[in-house]
1. Could you work out what % of the accessible surface of the chain is carbon and sulfur, using a 1.4 angstrom probe and leaving DNA, RNA and ligands out of the count?
2. Among all stretches of the chain without exposed GluC sites (Glu not before Pro) (DSSP loop, at most 14 other Cβ atoms within 10 Å), which one is longest?
3. Please work out the FRET efficiency for the pair HIS342 and ALA211, using the Cβ-Cβ distance as r and a Förster radius of 41 Å; give the result to the nearest 0.05.
4. With n ≥ 4 as the cut-off for DSSP H runs, can you work out [θ] at 222 nm for the chain, using -39500 (n - 2.57) per run divided by the number of residues, rounded to the nearest 500?
5. Could you calculate the contour length gain from ALA200 to ASP92, that is, 0.36 nm times the residue separation minus the distance between their Cα atoms, to one decimal place in nm?
6. Restricting the count to DSSP beta bridges whose residues both fall in the chain, what percent are antiparallel, rounded to a multiple of 5?
7. If I fit a long axis through the Cα atoms of helix 332-341 and take the longest principal axis of the Cα atoms of the chain, what angle between them do I get, 0 to 90°, rounded to 10?
8. Consider a paramagnetic label point 7 Å from the Cα of GLU164 along Cα→Cβ; state which residues of region 180-217 have an amide N under 19 Å from it.
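The values are calculated or read from the model by the stated rules, or taken from the named source; none is laboratory data. Values in this document were obtained by computation on a predicted structure and should not be read as measured data. In this analysis, Cβ positions are derived from the backbone assuming ideal geometry, glycine residues included, and neighbour counts consider all displayed protein chains. Only protein heavy atoms, including side chains, enter the accessible area calculation; ligands, DNA and RNA are left aside. Shrake-Rupley method; radii C 1.70, N 1.55, O 1.52, S 1.80 Å.
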Amino acid sequence: MTDEPLLDAPTALLRADRQGLLRPVAAAGAQVRTAARAAGETLAPLRPQGRPATVLVAGPGPDVPLAAAVLAALGDGAVRVVQLTATGPAADPGLLRWQLPRWAGPLDVVVLTSADGSESGLVELLDQAHRRGCALASVAPGGSPLAEATARRRMPALRATTAEHLEPADHPAAPGGHWPLLTATLMLGDRLGVCEADGAALDALADRLDATAERCGPVVPTRDNPAKTLAVGCEGALPLLWSEGDLATAVADHAARLLHALPGVPALAAPLPRALTEHAALLTARRSGGDPDDFFRDRAEDEPELHPRVILLDSPAPADVPPGADLPPRAAAAARDLARRHGVAFGELTAAEGGHPLETTGELLAQLDFTAVYLTLTATARS
């Protein structure tokens, strides 16, 4: 069970955070501002001639699928966004390799992202893309092998810069660290005409992240804290992250990976309406173990039961949609009805209406990042 008293004891909660997981999440707004300033210096002289046909994104971290999905969701569909999948004999970033698709060429842009910048496989991919005539850009720490290799080819090497005095978390899957890489990638996408992520949008994103940190931070009690409330609900459950809208789907997929990697929660994600059929069997699944009607069975051998819990992530209508406008039919109502019919717990994670789509994305991401950290800290305290 979740240690609810710990969640409402800020001093004890911070003491349990031996890996420094809360700091990067709480400082997400500061990280966006710092990363935007650093990336802006590199992007200022860049003058692209037309939009690329495809943006190919590669890198070893969890920020790569998130960046690719958000970049595609913010775009108008005219530019394809593709994530290059790594291969290798182990998960060690130094052993990973990436391969360009055969069709990649001069009309395409290859974006390489790394929080470390020392992966030899990314430098090899950069050489491969350069030989093909692709445009190149990297997002990596200044002075790293990847940044230097990019600069030698006179291509933009955006610095992945964290906020001052912010120590990195001591966990490879720690949330919050994706903001410097994601911010720089989105700024590059804005400059290339792939998506809208200009200075005003990033300022609004940083402000929304600050506001979310105030609502979800460790000093806010569980009853008023959406992230702590969600953490309590996810304990001992099988979270089913259902999403409606491309941005919400990008966040749900990221959250499922994070819940797997950090607190070890077996979450599943699927977009609506596909989730209604893809996860239907999970809503009616019975626990494994002995026959529940067998009075003499050894109940010590029964496996713990994971109750499905549906969490709906919705993308609010854009701020520029006029009142009363005809919008596509939503599947959220059908999702609520299906969960209700099967007696499955159902909750919704929402963001404030209005503002730039980046603000919605940031608020949903930050709430789920805090949730994953709280689940991890309460599990650590019990062990």
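1. Looking at the chain in its full context, I get 53 percent from C and S.
2. 1-163
3. 0.70
4. Value at 222 nm, helices only, nearest 500: -13500 deg cm²/dmol.
5. Once the chain is fully extended between ALA200 and ASP92, it gains 35.1 nm.
6. 5 percent
7. Once rounded, the angle reads 30 degrees.
8. Those under the cut-off are 180.
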